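Have a look at the structure below before the remarks.
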Amino acid sequence: MKILIIALSGIGDALMFTPALALLQRHLPDAQIDALVMYRGALEIYSSNPDLNKVIHFNFLEEGAFKSLKFLFQLRKKYDASINVYPSNRKEYNIISYIIGAKKRAGIVYLRKNNGNFGYLNNVKVLENDNVHNVQTNIKLCEALIGKKFNDEPPLEYTITADETVSAQKYLNDLGISTDELVVGFHPGCATLKNHIRRRWEPEKFAELGEKLIKDHSAKILIFGGPEEKELKNKICSLIGSDKANVVGAESLTQSSAIMKRCNVFVTNDSSQMHIAAALGLKVVAILGPTNQKYIYPWKTEHKIISLNLDCSPCFFYSPKPLICNRTDVEFKCIKELTVDMVYASVIKYL
(Lines give C-alpha, C1' and ligand atoms only; values in the text may rest on other atoms or scores of the structure.)
Protein backbone atom coordinates (compact mmCIF):
# COMPACT_ATOMS: atom_id res chain seq x y z
CA MET A 1 0.00 0.00 0.00
CA LYS A 2 1.30 3.46 -0.93
CA ILE A 3 0.08 6.35 1.23
CA LEU A 4 0.69 10.08 0.75
CA ILE A 5 0.45 12.40 3.75
CA ILE A 6 -0.57 15.86 2.49
CA ALA A 7 0.78 18.27 5.12
CA LEU A 8 0.59 21.68 3.47
CA SER A 9 -1.03 23.79 6.18
CA GLY A 10 1.95 24.57 8.42
CA ILE A 11 4.81 23.45 10.62
CA GLY A 12 2.79 22.86 13.78
CA ASP A 13 0.10 20.98 11.89
CA ALA A 14 2.71 18.72 10.30
CA LEU A 15 4.23 18.03 13.72
CA MET A 16 0.86 17.21 15.28
CA PHE A 17 0.37 14.48 12.68
CA THR A 18 3.53 12.59 13.78
CA PRO A 19 1.77 10.49 16.50
CA ALA A 20 -0.77 9.28 13.91
CA LEU A 21 2.08 8.64 11.48
CA ALA A 22 3.87 6.46 14.04
CA LEU A 23 0.70 4.40 14.56
CA LEU A 24 0.10 4.12 10.83
CA GLN A 25 3.60 2.77 10.25
CA ARG A 26 3.28 0.37 13.20
CA HIS A 27 0.04 -1.14 11.87
CA LEU A 28 1.15 -1.11 8.20
CA PRO A 29 4.86 -1.97 8.41
CA ASP A 30 5.09 -2.91 4.73
CA ALA A 31 3.41 0.25 3.44
CA GLN A 32 5.27 3.00 1.62
CA ILE A 33 4.38 6.23 3.40
CA ASP A 34 5.46 9.51 1.79
CA ALA A 35 4.69 13.11 2.72
CA LEU A 36 4.02 16.20 0.63
CA VAL A 37 4.93 19.49 2.36
CA MET A 38 5.04 23.14 1.37
CA TYR A 39 6.94 24.86 4.18
CA ARG A 40 10.66 24.35 4.71
CA GLY A 41 10.20 23.89 8.45
CA ALA A 42 7.82 20.99 7.82
CA LEU A 43 10.42 19.54 5.44
CA GLU A 44 13.03 19.63 8.21
CA ILE A 45 10.72 18.00 10.76
CA TYR A 46 9.64 15.22 8.39
CA SER A 47 13.08 14.60 6.89
CA SER A 48 14.29 13.21 10.22
CA ASN A 49 11.16 11.14 10.82
CA PRO A 50 11.87 7.38 10.63
CA ASP A 51 8.25 6.54 9.76
CA LEU A 52 8.42 8.19 6.33
CA ASN A 53 9.95 6.73 3.18
CA LYS A 54 10.18 10.02 1.29
CA VAL A 55 9.40 13.71 1.81
CA ILE A 56 8.34 15.72 -1.24
CA HIS A 57 8.76 19.49 -0.98
CA PHE A 58 6.89 21.84 -3.31
CA ASN A 59 5.97 25.47 -2.64
CA PHE A 60 2.58 25.92 -4.32
CA LEU A 61 2.41 29.58 -3.26
CA GLU A 62 5.64 30.49 -5.02
CA GLU A 63 5.35 28.27 -8.10
CA GLY A 64 1.94 29.42 -9.33
CA ALA A 65 -0.99 27.55 -10.90
CA PHE A 66 0.63 26.18 -14.09
CA LYS A 67 3.74 24.72 -12.47
CA SER A 68 1.65 23.41 -9.57
CA LEU A 69 -0.71 21.54 -11.90
CA LYS A 70 2.21 20.09 -13.83
CA PHE A 71 3.78 18.92 -10.58
CA LEU A 72 0.53 17.36 -9.30
CA PHE A 73 -0.01 15.38 -12.48
CA GLN A 74 3.42 13.83 -11.93
CA LEU A 75 2.00 12.37 -8.70
CA ARG A 76 -1.35 11.38 -10.17
CA LYS A 77 -2.49 7.79 -9.55
CA LYS A 78 0.78 6.87 -7.83
CA TYR A 79 -0.81 6.40 -4.40
CA ASP A 80 -3.50 4.07 -3.07
CA ALA A 81 -4.48 6.51 -0.32
CA SER A 82 -3.91 10.11 0.69
CA ILE A 83 -4.53 11.92 3.97
CA ASN A 84 -5.11 15.65 4.36
CA VAL A 85 -3.70 16.29 7.83
CA TYR A 86 -5.92 18.05 10.33
CA PRO A 87 -6.46 20.97 10.22
CA SER A 88 -6.45 21.82 6.51
CA ASN A 89 -9.81 23.48 5.95
CA ARG A 90 -9.07 25.02 2.54
CA LYS A 91 -10.47 24.19 -0.87
CA GLU A 92 -6.99 24.19 -2.39
CA TYR A 93 -5.87 21.26 -0.23
CA ASN A 94 -8.93 19.18 -1.14
CA ILE A 95 -8.43 19.96 -4.84
CA ILE A 96 -4.78 18.93 -4.59
CA SER A 97 -5.78 15.63 -3.00
CA TYR A 98 -8.42 15.06 -5.69
CA ILE A 99 -6.00 15.78 -8.55
CA ILE A 100 -3.42 13.36 -7.12
CA GLY A 101 -6.20 10.84 -7.47
CA ALA A 102 -5.72 8.21 -4.77
CA LYS A 103 -8.65 5.79 -4.53
CA LYS A 104 -8.98 6.55 -0.81
CA ARG A 105 -8.83 10.25 0.10
CA ALA A 106 -9.04 10.80 3.85
CA GLY A 107 -10.11 14.14 5.27
CA ILE A 108 -12.07 15.75 8.05
CA VAL A 109 -15.70 16.83 7.70
CA TYR A 110 -15.36 20.34 9.14
CA LEU A 111 -18.15 21.89 11.18
CA ARG A 112 -17.59 25.22 9.43
CA LYS A 113 -17.40 25.82 5.65
CA ASN A 114 -16.81 22.16 4.78
CA ASN A 115 -18.79 22.07 1.53
CA GLY A 116 -17.63 25.53 0.54
CA ASN A 117 -14.08 24.20 0.75
CA PHE A 118 -14.91 21.10 -1.31
CA GLY A 119 -14.70 18.68 1.61
CA TYR A 120 -17.04 16.39 -0.33
CA LEU A 121 -14.10 15.48 -2.60
CA ASN A 122 -12.79 13.23 0.19
CA ASN A 123 -14.27 9.73 0.48
CA VAL A 124 -12.86 8.60 3.86
CA LYS A 125 -14.24 11.01 6.43
CA VAL A 126 -14.23 11.76 10.14
CA LEU A 127 -16.50 14.42 11.65
CA GLU A 128 -14.70 17.29 13.34
CA ASN A 129 -15.04 17.48 17.13
CA ASP A 130 -14.27 20.80 18.84
CA ASN A 131 -13.53 19.00 22.12
CA VAL A 132 -10.73 16.84 20.72
CA HIS A 133 -7.02 17.65 20.31
CA ASN A 134 -5.60 17.87 16.79
CA VAL A 135 -3.39 14.85 17.50
CA GLN A 136 -6.41 12.74 18.43
CA THR A 137 -8.35 13.84 15.35
CA ASN A 138 -5.44 12.83 13.12
CA ILE A 139 -5.34 9.44 14.83
CA LYS A 140 -9.08 8.96 14.18
CA LEU A 141 -8.48 9.84 10.53
CA CYS A 142 -5.87 7.08 10.19
CA GLU A 143 -8.13 4.62 12.02
CA ALA A 144 -10.89 5.35 9.50
CA LEU A 145 -8.49 4.90 6.60
CA ILE A 146 -7.22 1.44 7.53
CA GLY A 147 -10.24 0.22 9.50
CA LYS A 148 -8.37 -0.43 12.75
CA LYS A 149 -8.68 0.95 16.26
CA PHE A 150 -5.44 2.19 17.82
CA ASN A 151 -4.94 1.67 21.54
CA ASP A 152 -2.45 4.41 22.36
CA GLU A 153 -1.64 8.05 21.64
CA PRO A 154 2.11 8.58 21.12
CA PRO A 155 3.98 11.85 21.79
CA LEU A 156 5.00 14.24 19.04
CA GLU A 157 8.14 13.17 17.19
CA TYR A 158 10.96 15.49 16.20
CA THR A 159 14.44 13.98 16.08
CA ILE A 160 17.45 16.16 16.94
CA THR A 161 20.70 14.48 15.87
CA ALA A 162 23.83 14.19 17.98
CA ASP A 163 25.69 16.55 15.62
CA GLU A 164 22.98 19.19 15.99
CA THR A 165 23.13 18.80 19.77
CA VAL A 166 26.91 19.35 19.75
CA SER A 167 26.48 22.42 17.52
CA ALA A 168 23.83 23.79 19.87
CA GLN A 169 26.11 23.32 22.88
CA LYS A 170 28.88 25.25 21.12
CA TYR A 171 26.42 28.05 20.39
CA LEU A 172 25.40 28.19 24.05
CA ASN A 173 29.04 28.13 25.17
CA ASP A 174 29.76 31.08 22.88
CA LEU A 175 26.94 32.98 24.59
CA GLY A 176 28.51 32.20 27.95
CA ILE A 177 25.61 30.09 29.17
CA SER A 178 26.79 27.38 31.55
CA THR A 179 25.06 24.09 32.27
CA ASP A 180 23.83 25.12 35.74
CA GLU A 181 22.21 28.44 34.75
CA LEU A 182 18.46 29.00 34.44
CA VAL A 183 17.48 29.46 30.79
CA VAL A 184 14.02 30.67 29.78
CA GLY A 185 12.99 30.64 26.14
CA PHE A 186 10.49 33.07 24.59
CA HIS A 187 8.57 32.80 21.36
CA PRO A 188 6.75 36.12 20.91
CA GLY A 189 5.53 35.47 17.35
CA CYS A 190 2.86 33.41 15.64
CA ALA A 191 1.28 33.08 12.20
CA THR A 192 0.10 36.33 10.63
CA LEU A 193 -2.26 35.08 7.91
CA LYS A 194 -5.99 35.78 8.34
CA ASN A 195 -5.35 38.38 11.07
CA HIS A 196 -3.80 35.79 13.38
CA ILE A 197 -1.19 38.36 14.39
CA ARG A 198 -3.84 39.47 16.89
CA ARG A 199 -3.14 36.28 18.86
CA ARG A 200 0.22 37.68 19.96
CA TRP A 201 0.92 38.82 23.51
CA GLU A 202 2.45 42.31 23.39
CA PRO A 203 6.25 42.48 22.98
CA GLU A 204 6.43 44.98 25.85
CA LYS A 205 4.96 42.34 28.17
CA PHE A 206 7.48 39.73 27.02
CA ALA A 207 10.21 42.27 27.76
CA GLU A 208 8.81 43.05 31.22
CA LEU A 209 8.58 39.32 31.98
CA GLY A 210 12.19 38.87 30.89
CA GLU A 211 13.38 41.73 33.08
CA LYS A 212 11.55 40.27 36.08
CA LEU A 213 13.02 36.80 35.57
CA ILE A 214 16.51 38.25 35.21
CA LYS A 215 16.15 40.43 38.33
CA ASP A 216 14.52 37.80 40.56
CA HIS A 217 16.14 34.60 39.30
CA SER A 218 19.25 35.59 37.31
CA ALA A 219 17.68 33.93 34.26
CA LYS A 220 19.21 33.86 30.82
CA ILE A 221 16.61 34.80 28.19
CA LEU A 222 16.71 33.29 24.70
CA ILE A 223 14.30 34.70 22.12
CA PHE A 224 13.24 32.34 19.31
CA GLY A 225 11.34 32.74 16.07
CA GLY A 226 11.59 32.63 12.30
CA PRO A 227 13.46 35.09 10.06
CA GLU A 228 10.19 36.92 9.36
CA GLU A 229 10.03 37.73 13.10
CA LYS A 230 13.47 39.34 13.26
CA GLU A 231 12.19 42.85 13.98
CA LEU A 232 9.88 41.57 16.74
CA LYS A 233 12.66 39.57 18.40
CA ASN A 234 15.14 42.45 18.22
CA LYS A 235 12.61 44.83 19.74
CA ILE A 236 12.09 42.62 22.78
CA CYS A 237 15.82 42.05 23.15
CA SER A 238 16.53 45.79 23.08
CA LEU A 239 13.75 46.48 25.62
CA ILE A 240 15.24 43.91 28.00
CA GLY A 241 18.81 44.91 27.24
CA SER A 242 21.00 43.19 24.70
CA ASP A 243 23.54 42.32 27.40
CA LYS A 244 20.87 40.36 29.31
CA ALA A 245 18.92 38.62 26.55
CA ASN A 246 19.85 37.00 23.25
CA VAL A 247 18.04 36.58 19.95
CA VAL A 248 18.74 33.05 18.75
CA GLY A 249 20.30 33.19 15.32
CA ALA A 250 20.12 29.81 13.60
CA GLU A 251 20.30 28.84 9.94
CA SER A 252 17.49 26.31 10.18
CA LEU A 253 14.52 25.30 12.28
CA THR A 254 16.34 22.17 13.46
CA GLN A 255 19.36 24.16 14.63
CA SER A 256 17.06 26.51 16.50
CA SER A 257 15.20 23.55 18.03
CA ALA A 258 18.47 21.95 19.19
CA ILE A 259 19.27 25.18 21.07
CA MET A 260 15.70 25.31 22.39
CA LYS A 261 16.23 21.94 24.13
CA ARG A 262 18.46 23.73 26.66
CA CYS A 263 15.56 25.86 27.97
CA ASN A 264 14.32 25.05 31.46
CA VAL A 265 10.99 26.73 30.66
CA PHE A 266 9.54 27.90 27.35
CA VAL A 267 7.05 30.81 27.22
CA THR A 268 5.15 31.05 23.96
CA ASN A 269 2.14 32.25 22.07
CA ASP A 270 -0.08 29.77 20.24
CA SER A 271 2.40 28.86 17.49
CA SER A 272 4.38 26.10 15.82
CA GLN A 273 7.19 26.78 18.30
CA MET A 274 4.83 25.81 21.10
CA HIS A 275 4.39 22.39 19.50
CA ILE A 276 8.14 22.05 18.88
CA ALA A 277 8.73 22.76 22.58
CA ALA A 278 6.19 20.02 23.39
CA ALA A 279 7.94 17.60 21.03
CA LEU A 280 11.22 18.34 22.80
CA GLY A 281 9.63 17.57 26.19
CA LEU A 282 10.09 21.08 27.59
CA LYS A 283 8.03 22.68 30.33
CA VAL A 284 5.75 25.03 28.40
CA VAL A 285 3.88 28.13 29.52
CA ALA A 286 1.40 28.79 26.70
CA ILE A 287 -0.30 32.18 26.32
CA LEU A 288 -3.66 31.56 24.67
CA GLY A 289 -6.27 34.14 23.77
CA PRO A 290 -8.97 33.39 21.17
CA THR A 291 -7.86 29.86 20.26
CA ASN A 292 -9.80 26.76 21.24
CA GLN A 293 -7.46 25.32 23.87
CA LYS A 294 -8.78 21.79 23.42
CA TYR A 295 -7.40 21.75 19.86
CA ILE A 296 -3.82 22.70 20.50
CA TYR A 297 -2.63 22.49 24.12
CA PRO A 298 1.02 21.31 24.34
CA TRP A 299 0.80 17.56 23.73
CA LYS A 300 2.27 15.04 26.19
CA THR A 301 4.52 17.49 28.05
CA GLU A 302 4.29 19.46 31.29
CA HIS A 303 2.48 22.72 30.56
CA LYS A 304 0.47 25.57 31.98
CA ILE A 305 -2.04 27.50 29.90
CA ILE A 306 -2.45 31.21 30.62
CA SER A 307 -5.92 32.34 29.63
CA LEU A 308 -8.65 34.64 30.93
CA ASN A 309 -11.26 32.03 29.94
CA LEU A 310 -13.76 34.73 29.02
CA ASP A 311 -17.37 33.86 28.35
CA CYS A 312 -16.80 34.70 24.66
CA SER A 313 -13.85 32.31 24.39
CA PRO A 314 -12.89 30.46 22.37
CA CYS A 315 -13.81 32.33 19.20
CA PHE A 316 -11.12 30.91 16.90
CA PHE A 317 -12.02 27.60 15.28
CA TYR A 318 -10.80 26.04 12.03
CA SER A 319 -12.44 28.16 9.39
CA PRO A 320 -11.15 30.07 6.36
CA LYS A 321 -12.57 33.28 7.85
CA PRO A 322 -10.11 35.87 9.23
CA LEU A 323 -9.86 36.20 12.99
CA ILE A 324 -12.22 38.89 14.35
CA CYS A 325 -13.37 40.05 17.78
CA ASN A 326 -16.98 40.98 18.47
CA ARG A 327 -16.50 42.44 21.94
CA THR A 328 -17.72 45.98 22.49
CA ASP A 329 -15.53 46.86 25.49
CA VAL A 330 -11.94 45.82 24.67
CA GLU A 331 -11.08 44.30 21.30
CA PHE A 332 -9.21 41.01 21.80
CA LYS A 333 -9.53 41.43 25.54
CA CYS A 334 -8.59 37.74 25.91
CA ILE A 335 -4.99 38.51 24.99
CA LYS A 336 -4.64 42.20 25.82
CA GLU A 337 -5.61 41.82 29.47
CA LEU A 338 -3.35 38.86 30.20
CA THR A 339 -0.90 40.38 32.66
CA VAL A 340 2.80 39.86 33.17
CA ASP A 341 2.16 38.75 36.75
CA MET A 342 -0.16 35.97 35.54
CA VAL A 343 2.51 34.56 33.24
CA TYR A 344 5.31 35.10 35.77
CA ALA A 345 3.40 33.18 38.45
CA SER A 346 3.21 30.14 36.18
CA VAL A 347 6.82 30.34 35.02
CA ILE A 348 8.28 30.38 38.55
CA LYS A 349 6.36 27.20 39.44
CA TYR A 350 8.73 25.42 37.05
CA LEU A 351 11.95 26.96 38.36
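The values are calculated or read from the model by the stated rules, or taken from the named source; none is laboratory data. It should be emphasised that the depicted structure is a prediction, and the values quoted were computed from it without experimental measurement. Using ideal geometry, Cβ is built from the backbone for each residue, glycine included, and neighbour counts are taken over all protein chains shown.
Side notes on the structure shown:
- Listed by first and then second residue, the pairs with beta-carbon distance under 6 Å, at least 6 apart or on different chains, first residue in the stretch 93-112 and outside the structural domain of Phe17 (by TED's automatic domain parsing), second surrounded by 23 or more Cβ atoms within 10 Å (Cβ to Cβ) and hydrophobic (A, V, I, L, M, F, W, C), form an empty list.
- Ser319 being more than 27 Å from Asn131 (Cα to Cα) and either modelled with pLDDT of 95 or more or in a loop (DSSP other than H, G, I, E, B) (or both): no
- Subset of the stretch 12-46 (residues that are in a helix (DSSP H, G or I) and without any contact (Cβ under 8 Å) to a residue 24 or more places away in the chain): Arg26, Leu43
- Counting only helices (runs of 4 or more DSSP H) that fall entirely inside the stretch 218-312 and contain at least 1 residues that are surrounded by fewer than 19 Cβ atoms within 10 Å (Cβ to Cβ) and hydrophobic (A, V, I, L, M, F, W, C), the qualifying elements are 230-240.
- Unique residue being closer than 11 Å to Pro188 by Cβ, free of Cβ contacts under 8 Å to residues at least 40 places away in the same chain and assigned by TED's automatic domain parsing to the domain that holds Phe266 when the list is Ile240, Ile236, Ile223, Ile214: Ile223
- Among the residues making up the stretch 39-61, those that are in contact with an Asp or Glu (Cβ under 9 Å, 6 or more places away or on another chain), farther than 17 Å from Ala278 by Cβ and not polar (S, T, N, Q) are Pro50, Asp51, Leu52, Lys54, Val55, Ile56, Phe60.
- In a residue-by-residue description of the stretch 141-154, the property of being more than 25 Å from the chain's Cα centre (by Cα) and surrounded by 15 or more Cβ atoms within 10 Å (Cβ to Cβ) applies to at least one position.
- Flag if Ala7 is touching a helix residue (DSSP H, G or I) at 6+ places or on another chain (Cβ under 8 Å), crowded, with 21+ Cβ neighbours inside 10 Å and not hydroxyl-bearing (Ser, Thr, Tyr): yes
- The number of residues in the stretch 324-338 being in contact (Cβ under 8 Å) with a residue 24 or more places away in the chain, part of a loop (DSSP other than H, G, I, E, B) and closer than 18 Å to Ile306 by Cβ comes to 3.
- Hits in the stretch 10-33 - residues which are surrounded by fewer than 23 Cβ atoms within 10 Å (Cβ to Cβ) and in contact with a strand residue (DSSP E or B) (Cβ under 9 Å, 6 or more places away or on another chain): Asp13, Gln25, Leu28, Ala31, Gln32, Ile33
- You will find that of Ile108, Ile100, Ile160, the residue that is within 24 Å of Leu36 (Cβ to Cβ) and surrounded by fewer than 20 Cβ atoms within 10 Å (Cβ to Cβ) is Ile160 and no other.
- Criterion applied to Asn94, Asn138, Asn123, Asn134 was being under 24 Å from the mean Cα position of the chain (by Cα), more than 30 Å from Thr301 (Cα to Cα) and either basic (Lys, Arg) or modelled with pLDDT of 95 or more (or both), and the one residue passing it is Asn94.
- Selected residue (only one of Ser252, Ser242 is at pLDDT below 95 and closer than 17 Å to Leu15 by Cβ): Ser252
- Single residue of Lys244, Lys235, Lys220 found to be over 27 Å from the mean Cα position of the chain (by Cα), more than 19 Å from Asp270 (Cα to Cα) and charged (D, E, K, R): Lys244
- Lone qualifier among Asp180, Asp163 - being without any contact (Cβ under 8 Å) to a residue 12 or more places away in the chain and farther than 30 Å from Asp51 by Cβ: Asp180
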